[in-house]
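The values are calculated or read from the model by the stated rules, or taken from the named source; none is laboratory data. Just so it is clear, the model here is predicted, and its values are computed rather than measured. Positions of Cβ are backbone-derived with ideal geometry, glycine not excepted, and every protein chain shown enters the neighbour counts. Ligands, DNA and RNA are excluded from the accessible area calculation, which covers all protein heavy atoms including side chains. Shrake-Rupley method; radii C 1.70, N 1.55, O 1.52, S 1.80 Å.
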Amino acid sequence: MRVSEALAEYVVQLEADGRSEHTVRQAARHVRALERWAGDPEVISVGHELVARFLASAVVRERQGGGARKPSSANAIRSSLRGLFSFVHAAGYAPANAARLVRRARTRIGPPRGLGDADAARLLAALEEARSQSERRDRVLFTLLLRAGLRIGSALGLDVEDVDFEAGELRLRKVKGGGEDAAILPESVAPLLREHIGTRTSGALFLSGQGQRVCSRHVRRRLEAWSKRAGIASVHPHALRHTFAMRVYERTGDLLVTAAALGHRSISSTERYTRAARSDVRNAVAACELV
């Protein structure tokens, strides 16, 4: 069995395990890079030395467009290879796990890139000027991302029947890492959603002009356009989730509440929002000065 054949079986296993579409695509992309670099060898001939040489190669260390690859991106490749070769060994396709020595590099998590209160207010004010059907859809979607903190994939995966107005919840069918979850539907967003849904009882919640489920690439372009209209720097959809998380933590000071609001499965994913504000540190230092 060659690496390409093992990958095909691994993809089936990931799908059977309920892993997200993003996770499956990413794993396949990373393994194909190894496959091309190594010439699609037999998995039984792949040892930890070959895996190490691949991870140390320019394919992993450098981006396709030039420049060094981010440590977090290289770590994602390491995780994909660990997953593949662990599966290959467990399935009996190879006598040993070729990625058993691979370790993720230590990385420093940067501060979250969310909007400040002023820029968030400008974006919401611009969205209130929505007039066309697509603009009104954008207003509902971006307000939902900002007020509920959903990942863009989870939001675009919503169907009309996933909105429970009575319980005040959203059923999330597409969750990072696979499975399902539920998110709180903010009261301020419920009226917008009711108007957006209208008389529909099923189907994708957010539709394109052609009546198909809108895609994330189109949403990114739309948000860039709205950012320009609002007079703020270009915003990525995930920045709206960061904005929500920062506001929840700032107002509650509770890491567990913030993690629950974001649907994080590990509290370590939420710790990045606990960074003390620079002004708070400055005030604390000033208060401790000796007279």
Is it the case that the stretch 84-95 has a residue that's within 20 Å of the chain's Cα centre (by Cα) and at negative phi? no
Over the stretch 153-179, the set of residues closer than 18 Å to R221 by Cβ and surrounded by fewer than 20 Cβ atoms within 10 Å (Cβ to Cβ) is G153
Picking from A183, A260, A286, the residue that is closer than 25 Å to L123 by Cα and of a type in the set (A, V, I, L, M, F, W, C) would be A183
Open item on the list: Among the residues in the stretch 130-152, are any open to solvent by less than 20 Å² (accessible area, probe 1.4 Å) and of a type in the set (F, W, Y)?
Closed with: yes
Note: among S45, S79, S4, just one is of a type in the set (S, T, N, Q), open to solvent by 30 Å² or more (accessible area, probe 1.4 Å) and under 30 Å from F244 (Cα atoms), namely S79
Selection over the stretch 223-254 where residues are at positive phi and modelled with pLDDT under 95 yields a count of 1
Among R100, R29, R106, R25, the single one that is out of contact with any helix residue (DSSP H, G or I) (no Cβ under 7 Å at 6 or more places or on another chain) and more than 30 Å from S234 (Cβ to Cβ) is R106
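One line per residue, one yes/no per condition, for (1) part of a helix (DSSP H, G or I); (2) surrounded by 20 or more Cβ atoms within 10 Å (Cβ to Cβ):
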{"residue": "R200", "(1), (2)": "no, no"}
{"residue": "E224", "(1), (2)": "yes, no"}
{"residue": "V235", "(1), (2)": "no, yes"}
{"residue": "T243", "(1), (2)": "yes, yes"}
{"residue": "R247", "(1), (2)": "yes, yes"}
{"residue": "E250", "(1), (2)": "yes, no"}
Among residues of the stretch 257-291 being of a type in the set (A, V, I, L, M) and surrounded by 11 or more Cβ atoms within 10 Å (Cβ to Cβ), the residue modelled with the lowest pLDDT is V281
Residue pairs qualifying under the 9 Å Cβ cut-off, at least six apart or on distinct chains, with the first in the stretch 183-209 being in contact (Cβ under 8 Å) with a residue 40 or more places away in the chain and the second being among the aromatic types (F, W, Y) and buried (at least 16 other Cβ atoms within 10 Å of the Cβ), are H196/F206
Of the residues in the stretch 3-32, those that are of a type in the set (G, A, S) and touching a residue at least 60 places away in the same chain (Cβ under 8 Å) number 3
Over the stretch 54-88, the set of residues assigned to a helix (DSSP H, G or I) and charged (D, E, K, R) is R61, R78, R82
Residue set V31, V24, V11; condition assigned to a helix (DSSP H, G or I), open to solvent by less than 70 Å² (accessible area, probe 1.4 Å) and modelled with pLDDT under 95; output residue V24
Restricted to the stretch 202-222 and to residues being charged (D, E, K, R) and in a helix (DSSP H, G or I), the residue nearest to L262 (Cα to Cα) is R220
Pairing a residue in the stretch 248-259 that is of a type outside the set (A, V, I, L, M, F, W, C) with any residue that is open to solvent by less than 70 Å² (accessible area, probe 1.4 Å) and assigned to a loop (DSSP other than H, G, I, E, B), where Cβ atoms lie under 7 Å and the two sit 6 or more apart in sequence or on different chains, gives T258/T270
Condition set assigned to a helix (DSSP H, G or I) and within 21 Å of E62 (Cβ to Cβ), scope the stretch 34-43, selection farthest from the chain's Cα centre (by Cα): answer is A38
